[in-house]
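One structure below.
The values are calculated or read from the model by the stated rules, or taken from the named source; none is laboratory data. Computed from a prediction, not measured in an experiment: that's the story for all the values here. Methodologically, a virtual Cβ is constructed for each residue, glycine included, from the backbone with ideal geometry; neighbour enumeration extends over all protein chains shown. Side chains included, ligands, DNA and RNA excluded: accessible areas come from the protein's heavy atoms. Shrake-Rupley method; radii C 1.70, N 1.55, O 1.52, S 1.80 Å.
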Amino acid sequence: AKDQGKNTFQFYSPEMNAKAMENLSLENDLRGALARNELVVFYQPKVDIASGITVGAEALIRWEHPKLGQISPLKFIPIAEEIGLINDIGQWVLAQACTQAKLWQQQTPGFVISVNVSPQQFRDEDLLDRVQATIARSGIDPYKVELELTEGCLMDSVESNIQTLEALKDLGVRLSVDDFGTGYSSLAYLKRFPVDVLKIDRSFVRDLASDPEDAAIVCTIISLAHSLKLEVVAEGVEDTEQLAFLAKQNCDQFQGYLCSRPVPPENFHSLLSAPANW
Ligand code: C2E
Ligand code: CA
Ligand code: CA
Ligand code: CA
(Lines give C-alpha, C1' and ligand atoms only; values in the text may rest on other atoms or scores of the structure.)
(Ligands and ions follow the chains in the order given, each with its own letter.)
Protein backbone atom coordinates (compact mmCIF):
# COMPACT_ATOMS: atom_id res chain seq x y z
CA ALA A 1 0.00 0.00 0.00
CA LYS A 2 2.92 2.30 0.79
CA ASP A 3 4.10 2.70 -2.80
CA GLN A 4 0.69 3.86 -4.05
CA GLY A 5 2.00 7.27 -2.98
CA LYS A 6 -0.33 10.14 -3.69
CA ASN A 7 -3.41 8.00 -4.12
CA THR A 8 -3.01 6.47 -0.70
CA PHE A 9 -2.60 9.91 0.80
CA GLN A 10 -5.72 11.12 -1.03
CA PHE A 11 -7.74 8.22 0.25
CA TYR A 12 -6.93 8.93 3.86
CA SER A 13 -7.18 12.70 3.69
CA PRO A 14 -9.50 14.14 6.34
CA GLU A 15 -11.88 15.58 3.73
CA MET A 16 -12.27 12.23 2.01
CA ASN A 17 -12.84 10.62 5.34
CA ALA A 18 -15.48 13.15 6.31
CA LYS A 19 -17.27 12.63 2.99
CA ALA A 20 -17.19 8.86 3.38
CA MET A 21 -18.49 9.12 6.94
CA GLU A 22 -21.27 11.43 5.82
CA ASN A 23 -22.37 9.01 3.12
CA LEU A 24 -22.20 6.08 5.48
CA SER A 25 -24.37 7.82 8.01
CA LEU A 26 -26.83 8.94 5.29
CA GLU A 27 -26.91 5.33 4.11
CA ASN A 28 -27.84 4.10 7.57
CA ASP A 29 -30.46 6.83 7.99
CA LEU A 30 -31.96 6.07 4.57
CA ARG A 31 -32.48 2.40 5.46
CA GLY A 32 -35.03 3.41 8.08
CA ALA A 33 -36.40 6.54 6.42
CA LEU A 34 -39.37 4.89 4.74
CA ALA A 35 -40.47 3.13 7.94
CA ARG A 36 -40.07 6.39 9.92
CA ASN A 37 -42.29 8.25 7.41
CA GLU A 38 -39.50 10.66 6.51
CA LEU A 39 -40.02 10.26 2.77
CA VAL A 40 -42.72 12.37 1.18
CA VAL A 41 -43.96 12.83 -2.36
CA PHE A 42 -44.27 16.32 -3.82
CA TYR A 43 -46.13 17.11 -7.05
CA GLN A 44 -45.31 19.51 -9.86
CA PRO A 45 -48.07 20.45 -12.31
CA LYS A 46 -47.89 19.57 -15.98
CA VAL A 47 -49.64 22.26 -17.95
CA ASP A 48 -51.25 22.01 -21.38
CA ILE A 49 -49.67 24.93 -23.23
CA ALA A 50 -52.59 25.67 -25.56
CA SER A 51 -55.21 25.89 -22.78
CA GLY A 52 -53.12 26.75 -19.71
CA ILE A 53 -54.87 23.96 -17.81
CA THR A 54 -53.11 21.56 -15.44
CA VAL A 55 -53.50 18.16 -17.06
CA GLY A 56 -51.23 16.13 -14.81
CA ALA A 57 -48.33 16.17 -12.39
CA GLU A 58 -44.92 14.63 -11.85
CA ALA A 59 -44.35 12.91 -8.52
CA LEU A 60 -40.99 13.95 -7.02
CA ILE A 61 -39.67 12.39 -3.84
CA ARG A 62 -38.37 14.39 -0.87
CA TRP A 63 -36.55 13.26 2.25
CA GLU A 64 -37.32 15.21 5.40
CA HIS A 65 -34.28 14.26 7.45
CA PRO A 66 -34.93 14.84 11.19
CA LYS A 67 -31.52 16.51 11.70
CA LEU A 68 -30.38 17.64 8.26
CA GLY A 69 -33.67 19.00 6.93
CA GLN A 70 -34.82 18.36 3.37
CA ILE A 71 -32.33 16.32 1.35
CA SER A 72 -32.40 16.51 -2.45
CA PRO A 73 -33.25 13.36 -4.41
CA LEU A 74 -30.14 14.13 -6.46
CA LYS A 75 -28.20 13.28 -3.31
CA PHE A 76 -30.08 10.31 -1.89
CA ILE A 77 -31.44 8.50 -4.98
CA PRO A 78 -27.87 7.45 -5.97
CA ILE A 79 -27.35 6.13 -2.43
CA ALA A 80 -30.66 4.27 -2.60
CA GLU A 81 -29.50 2.74 -5.89
CA GLU A 82 -26.20 1.73 -4.37
CA ILE A 83 -27.65 -0.05 -1.35
CA GLY A 84 -30.51 -1.68 -3.23
CA LEU A 85 -33.30 0.40 -1.67
CA ILE A 86 -34.45 2.08 -4.86
CA ASN A 87 -36.92 -0.65 -5.80
CA ASP A 88 -38.85 -0.37 -2.57
CA ILE A 89 -38.67 3.41 -2.56
CA GLY A 90 -39.72 3.64 -6.20
CA GLN A 91 -42.68 1.32 -5.69
CA TRP A 92 -43.69 3.29 -2.61
CA VAL A 93 -43.67 6.53 -4.65
CA LEU A 94 -45.77 4.87 -7.34
CA ALA A 95 -48.31 3.67 -4.77
CA GLN A 96 -48.55 7.11 -3.11
CA ALA A 97 -48.81 8.88 -6.46
CA CYS A 98 -51.51 6.57 -7.86
CA THR A 99 -53.65 6.85 -4.74
CA GLN A 100 -53.30 10.63 -4.73
CA ALA A 101 -53.99 11.00 -8.46
CA LYS A 102 -57.10 8.84 -8.17
CA LEU A 103 -58.51 11.47 -5.78
CA TRP A 104 -57.61 14.38 -8.06
CA GLN A 105 -59.26 12.55 -10.95
CA GLN A 106 -62.61 13.02 -9.23
CA GLN A 107 -62.25 16.70 -10.09
CA THR A 108 -60.14 16.36 -13.25
CA PRO A 109 -60.97 13.02 -14.89
CA GLY A 110 -58.20 13.12 -17.48
CA PHE A 111 -55.46 13.86 -14.93
CA VAL A 112 -52.25 11.90 -15.68
CA ILE A 113 -49.73 11.14 -12.95
CA SER A 114 -46.07 10.75 -13.95
CA VAL A 115 -43.65 8.76 -11.82
CA ASN A 116 -39.88 8.38 -12.24
CA VAL A 117 -38.51 4.88 -12.62
CA SER A 118 -34.81 4.48 -11.90
CA PRO A 119 -32.59 2.28 -14.10
CA GLN A 120 -32.23 -0.36 -11.40
CA GLN A 121 -35.98 -0.45 -10.88
CA PHE A 122 -36.49 -0.76 -14.63
CA ARG A 123 -34.23 -3.82 -14.69
CA ASP A 124 -35.82 -5.47 -11.66
CA GLU A 125 -37.41 -8.79 -12.59
CA ASP A 126 -40.46 -8.00 -10.44
CA LEU A 127 -41.08 -4.63 -12.12
CA LEU A 128 -44.11 -5.67 -14.14
CA ASP A 129 -45.82 -7.56 -11.33
CA ARG A 130 -45.23 -4.79 -8.86
CA VAL A 131 -46.42 -2.02 -11.18
CA GLN A 132 -49.52 -4.00 -12.06
CA ALA A 133 -50.30 -4.80 -8.42
CA THR A 134 -49.81 -1.19 -7.30
CA ILE A 135 -52.05 0.18 -10.03
CA ALA A 136 -54.74 -2.42 -9.30
CA ARG A 137 -54.65 -1.68 -5.56
CA SER A 138 -55.08 2.06 -6.07
CA GLY A 139 -57.94 1.56 -8.52
CA ILE A 140 -56.47 4.08 -10.97
CA ASP A 141 -56.93 3.67 -14.71
CA PRO A 142 -53.50 2.51 -16.02
CA TYR A 143 -53.87 4.80 -19.03
CA LYS A 144 -53.61 7.73 -16.60
CA VAL A 145 -50.30 6.57 -15.16
CA GLU A 146 -47.11 7.58 -16.92
CA LEU A 147 -43.69 6.11 -16.17
CA GLU A 148 -40.67 8.33 -16.87
CA LEU A 149 -37.50 6.55 -17.96
CA THR A 150 -34.34 8.47 -18.71
CA GLU A 151 -32.87 8.36 -22.15
CA GLY A 152 -29.64 7.03 -20.63
CA CYS A 153 -31.47 4.11 -19.03
CA LEU A 154 -33.22 3.20 -22.28
CA MET A 155 -30.16 3.30 -24.50
CA ASP A 156 -28.34 0.78 -22.32
CA SER A 157 -29.03 -2.77 -23.64
CA VAL A 158 -31.69 -1.71 -26.05
CA GLU A 159 -33.10 -5.04 -27.22
CA SER A 160 -34.16 -6.27 -23.79
CA ASN A 161 -35.41 -2.78 -22.93
CA ILE A 162 -37.79 -2.85 -25.88
CA GLN A 163 -39.28 -6.05 -24.48
CA THR A 164 -39.73 -4.51 -21.03
CA LEU A 165 -41.28 -1.39 -22.55
CA GLU A 166 -43.68 -3.49 -24.60
CA ALA A 167 -44.69 -5.47 -21.53
CA LEU A 168 -45.33 -2.22 -19.64
CA LYS A 169 -47.40 -0.93 -22.56
CA ASP A 170 -49.45 -4.13 -22.34
CA LEU A 171 -50.37 -3.11 -18.78
CA GLY A 172 -51.81 0.05 -20.30
CA VAL A 173 -49.45 2.62 -18.79
CA ARG A 174 -48.02 5.59 -20.67
CA LEU A 175 -44.27 5.78 -21.16
CA SER A 176 -42.11 8.87 -21.32
CA VAL A 177 -38.45 9.42 -22.23
CA ASP A 178 -37.04 11.75 -19.56
CA ASP A 179 -34.07 14.08 -20.03
CA PHE A 180 -34.36 13.67 -23.78
CA GLY A 181 -31.39 15.06 -25.69
CA THR A 182 -28.82 14.52 -22.94
CA GLY A 183 -27.86 10.95 -23.82
CA TYR A 184 -26.57 9.30 -26.93
CA SER A 185 -29.98 8.97 -28.56
CA SER A 186 -30.26 6.79 -31.58
CA LEU A 187 -33.15 7.73 -33.79
CA ALA A 188 -33.35 4.17 -35.14
CA TYR A 189 -34.05 2.90 -31.62
CA LEU A 190 -36.38 5.72 -30.73
CA LYS A 191 -38.60 4.53 -33.56
CA ARG A 192 -38.75 1.08 -31.97
CA PHE A 193 -39.43 2.22 -28.40
CA PRO A 194 -43.18 2.02 -27.71
CA VAL A 195 -43.19 5.34 -25.86
CA ASP A 196 -45.80 8.11 -25.76
CA VAL A 197 -43.89 11.20 -24.68
CA LEU A 198 -40.52 12.91 -25.03
CA LYS A 199 -39.47 15.25 -22.22
CA ILE A 200 -37.04 17.93 -23.32
CA ASP A 201 -34.29 18.24 -20.74
CA ARG A 202 -34.16 21.40 -18.66
CA SER A 203 -30.63 22.18 -19.85
CA PHE A 204 -31.96 23.03 -23.34
CA VAL A 205 -34.87 25.08 -22.02
CA ARG A 206 -32.85 27.28 -19.67
CA ASP A 207 -31.18 29.50 -22.28
CA LEU A 208 -33.79 29.08 -24.97
CA ALA A 209 -34.31 32.80 -25.40
CA SER A 210 -30.63 33.74 -25.69
CA ASP A 211 -28.91 30.70 -27.18
CA PRO A 212 -29.81 30.01 -30.83
CA GLU A 213 -28.30 26.52 -30.62
CA ASP A 214 -30.46 25.52 -27.68
CA ALA A 215 -33.44 27.01 -29.50
CA ALA A 216 -32.60 24.92 -32.57
CA ILE A 217 -32.31 21.75 -30.49
CA VAL A 218 -35.67 22.39 -28.83
CA CYS A 219 -37.34 22.99 -32.20
CA THR A 220 -35.81 19.80 -33.55
CA ILE A 221 -36.99 17.70 -30.59
CA ILE A 222 -40.51 19.10 -30.87
CA SER A 223 -40.80 18.34 -34.56
CA LEU A 224 -39.15 14.95 -34.13
CA ALA A 225 -41.65 14.05 -31.42
CA HIS A 226 -44.59 15.19 -33.52
CA SER A 227 -43.45 13.38 -36.63
CA LEU A 228 -43.19 10.19 -34.56
CA LYS A 229 -46.72 10.94 -33.21
CA LEU A 230 -45.40 11.49 -29.70
CA GLU A 231 -46.34 14.19 -27.24
CA VAL A 232 -43.61 16.55 -26.14
CA VAL A 233 -43.15 18.15 -22.73
CA ALA A 234 -40.64 20.88 -21.84
CA GLU A 235 -39.27 20.83 -18.30
CA GLY A 236 -37.71 23.67 -16.34
CA VAL A 237 -39.78 26.51 -17.81
CA GLU A 238 -39.18 29.54 -15.59
CA ASP A 239 -40.28 32.56 -17.60
CA THR A 240 -42.89 33.72 -20.09
CA GLU A 241 -40.31 34.18 -22.83
CA GLN A 242 -39.48 30.49 -22.77
CA LEU A 243 -43.16 29.62 -22.69
CA ALA A 244 -43.96 31.90 -25.65
CA PHE A 245 -41.23 30.23 -27.68
CA LEU A 246 -42.54 26.75 -26.81
CA ALA A 247 -46.11 27.76 -27.61
CA LYS A 248 -45.04 29.07 -31.00
CA GLN A 249 -43.33 25.74 -31.72
CA ASN A 250 -46.46 23.83 -30.70
CA CYS A 251 -44.88 22.11 -27.73
CA ASP A 252 -47.70 20.23 -25.99
CA GLN A 253 -47.04 20.67 -22.27
CA PHE A 254 -44.68 22.35 -19.87
CA GLN A 255 -43.47 21.93 -16.34
CA GLY A 256 -41.54 24.53 -14.40
CA TYR A 257 -41.33 27.16 -11.72
CA LEU A 258 -43.29 29.54 -13.99
CA CYS A 259 -46.35 27.54 -13.01
CA SER A 260 -45.19 26.08 -9.70
CA ARG A 261 -42.40 24.38 -7.84
CA PRO A 262 -43.12 20.83 -6.72
CA VAL A 263 -45.51 21.12 -3.75
CA PRO A 264 -46.91 18.78 -1.09
CA PRO A 265 -50.25 17.22 -2.06
CA GLU A 266 -52.28 19.45 0.29
CA ASN A 267 -51.03 22.52 -1.64
CA PHE A 268 -51.68 21.06 -5.07
CA HIS A 269 -55.43 21.46 -5.04
CA SER A 270 -55.51 25.13 -5.99
CA LEU A 271 -53.24 24.41 -8.96
CA LEU A 272 -55.78 21.95 -10.33
CA SER A 273 -58.73 24.26 -10.69
CA ALA A 274 -58.28 27.47 -12.63
CA PRO A 275 -56.18 28.03 -15.73
CA ALA A 276 -53.50 30.57 -14.88
CA ASN A 277 -52.81 33.76 -16.78
CA TRP A 278 -49.15 33.55 -17.73
P1 C2E B 1 -36.14 14.89 -13.10
O2 C2E B 1 -36.95 13.64 -13.21
O3 C2E B 1 -35.52 15.42 -14.34
O4 C2E B 1 -37.10 15.96 -12.42
C5 C2E B 1 -37.13 17.32 -12.73
C6 C2E B 1 -36.37 18.15 -11.73
O7 C2E B 1 -36.37 19.49 -12.16
C8 C2E B 1 -36.99 18.16 -10.33
O9 C2E B 1 -35.93 18.23 -9.39
C10 C2E B 1 -37.78 19.46 -10.35
O11 C2E B 1 -38.02 19.98 -9.06
C12 C2E B 1 -36.85 20.34 -11.13
N13 C2E B 1 -37.53 21.47 -11.75
C14 C2E B 1 -38.79 21.52 -12.22
N15 C2E B 1 -39.06 22.71 -12.76
C16 C2E B 1 -37.94 23.46 -12.64
C17 C2E B 1 -37.60 24.81 -13.00
O18 C2E B 1 -38.39 25.57 -13.57
N19 C2E B 1 -36.33 25.21 -12.71
C20 C2E B 1 -35.43 24.41 -12.09
N21 C2E B 1 -34.22 24.91 -11.84
N22 C2E B 1 -35.73 23.14 -11.73
C23 C2E B 1 -36.97 22.66 -12.00
P24 C2E B 1 -35.94 17.36 -8.06
O25 C2E B 1 -37.32 17.25 -7.53
O26 C2E B 1 -34.86 17.91 -7.18
O27 C2E B 1 -35.52 15.93 -8.58
C28 C2E B 1 -34.25 15.73 -9.15
C29 C2E B 1 -34.14 14.39 -9.78
O30 C2E B 1 -34.24 13.35 -8.79
C31 C2E B 1 -35.24 14.08 -10.78
O32 C2E B 1 -34.95 14.69 -12.02
C33 C2E B 1 -35.17 12.57 -10.83
O34 C2E B 1 -34.11 12.15 -11.64
C35 C2E B 1 -34.82 12.23 -9.38
N36 C2E B 1 -36.05 11.84 -8.67
C37 C2E B 1 -36.94 12.61 -7.99
N38 C2E B 1 -37.95 11.84 -7.49
C39 C2E B 1 -37.69 10.56 -7.87
C40 C2E B 1 -38.35 9.29 -7.65
O41 C2E B 1 -39.43 9.19 -7.04
N42 C2E B 1 -37.74 8.19 -8.19
C43 C2E B 1 -36.57 8.27 -8.90
N44 C2E B 1 -36.03 7.14 -9.39
N45 C2E B 1 -35.94 9.43 -9.12
C46 C2E B 1 -36.49 10.56 -8.60
CA1 CA C 1 -38.66 13.04 -14.42
CA1 CA D 1 -36.21 15.30 -16.48
CA1 CA E 1 -33.21 16.47 -15.68
Checklist line | Residues whose placed amide H lies under 5 Å from that of Gly56, excluding near-sequence neighbours | finding: Lys46, Val112
Next item on the list: Can you send over the solvent-accessible area of Tyr184, 1.4 Å probe, protein chains only, in Å² to the nearest 10?
Entry: 140
Checklist line | Ranked by how many other beta carbons lie within 10 Å on average, peptides 63-70, 220-227 from highest | finding: 220-227, 63-70
Notebook entry, point to check: What is the total of Lys pairs in region 33-152 with C-alpha atoms under 27 Å apart, excluding same-chain pairs fewer than 8 positions apart?
Noted result: 5
Item checked: Full-extension gain in nm, Leu103 to Leu171, via 0.36 nm per residue minus C-alpha separation -> 22.4 nm
Checklist line | Extension gain (nm, one decimal) between Leu272 and Arg123, 0.36 nm per residue minus Cα-Cα | finding: 50.3 nm
Next item on the list: Taking 7 Å along the Cα-to-C-beta vector as the label spot, tell me the Leu187-Ala216 distance in nanometres, rounded to one decimal.
Entry: 1.5
Next item on the list: Can you tell me the dipole magnitude for the chain around its Cα centre, using point charges on the Cβ only (Lys, Arg +1; Asp, Glu -1), in Debye to the nearest 20?
Entry: 400
Next item on the list: Calculate for the chain the 222 nm mean residue ellipticity that helices alone would give, adding -39,500 (n - 2.57) per DSSP H run of length 4 or more and normalising by residue count, nearest 500 deg cm²/dmol.
Entry: -14500 deg cm²/dmol
Notebook entry, point to check: Tell me, in nm to one decimal, what length is gained between Asn250 and Lys75 on full extension, where the rule is 0.36 nm per residue of separation less the Cα-Cα distance?
Noted result: 59.5 nm
Checklist line | Proportion of all alpha-carbon pairs of region 184-261 beyond 15 Å (%) | finding: 52
